[in-house]
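Everything below concerns the one structure shown next.
The numbers here are math on the coordinates, done by the rules we state, and not lab data. Values in this document were obtained by computation on a predicted structure and should not be read as measured data. Cβ placement follows ideal geometry from the backbone for every residue including glycine, while neighbour counts extend to all protein chains displayed.
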Amino acid sequence: MSIHLIRHGQSAFNAVFTGDGDPMIFDAALTPLGQRQAQEARQRVAELGIREVVCSPLTRALQTARLIFPTDHIHVVAETREHLGHSCDIGQSPAALQTAFPDIPFAHLPDIWWHQGALNDVGVPVEPAEVFEARMTLLASTLRARDARPLAVVCHGHVIRALTGIDPDNCDIVPFAA
């Protein structure tokens, strides 16, 4: 049975980031375009017969998951978060997430579930490549061990690239070899 990796819709960070300087948009939410992308992806995903949904705890992924899977239980897994290198990759506490998404459980997350480490010149902790790669190895193993299939994983571009070698567009659905 299959695993489908789904990149989140366009975020406020995606909409303005040009590669020159961090626009300092923390835990970026979806833009109206990102919301439309997720709603359009819902139609494509409906044909896949998804039995379980795993999601990153970053807001843009949670919003995307909720738009694609409005009635399904969403399992938040911190290892699916983005490779931290910009402000948008810094998350919120489980309590803040619980307020924003009351129907999704977050109590299993530590208060700080994103990478903590050396700060870059704008004060954002940057996750070293080897730490990210180790996390992706663990994530791949964790996903393969999940029983419910077909499985959808709503996550991020760097995660999908690390797991598949594919650079996805917003709301692309990429198969993951289990």
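Over the Cα atoms of segment 1-128, the radius of gyration divided by the Kirkwood radius equals 0.97; this is the Rg/Rh ratio. Computed from backbone phi with θ = phi - 60° and the Karplus coefficients 6.51, -1.76 and 1.60, the 3J(HN,Hα) list for segment 39-47 is 5, 5, 5, 3, 5, 5, 6, 4, 6 Hz; x is used for glycine and proline. Here is the list for segment 41-108: trypsin sites (Lys or Arg not before Pro) lying in DSSP coil, each with at most 15 other C-beta atoms within 10 angstrom of its C-beta, are R51.
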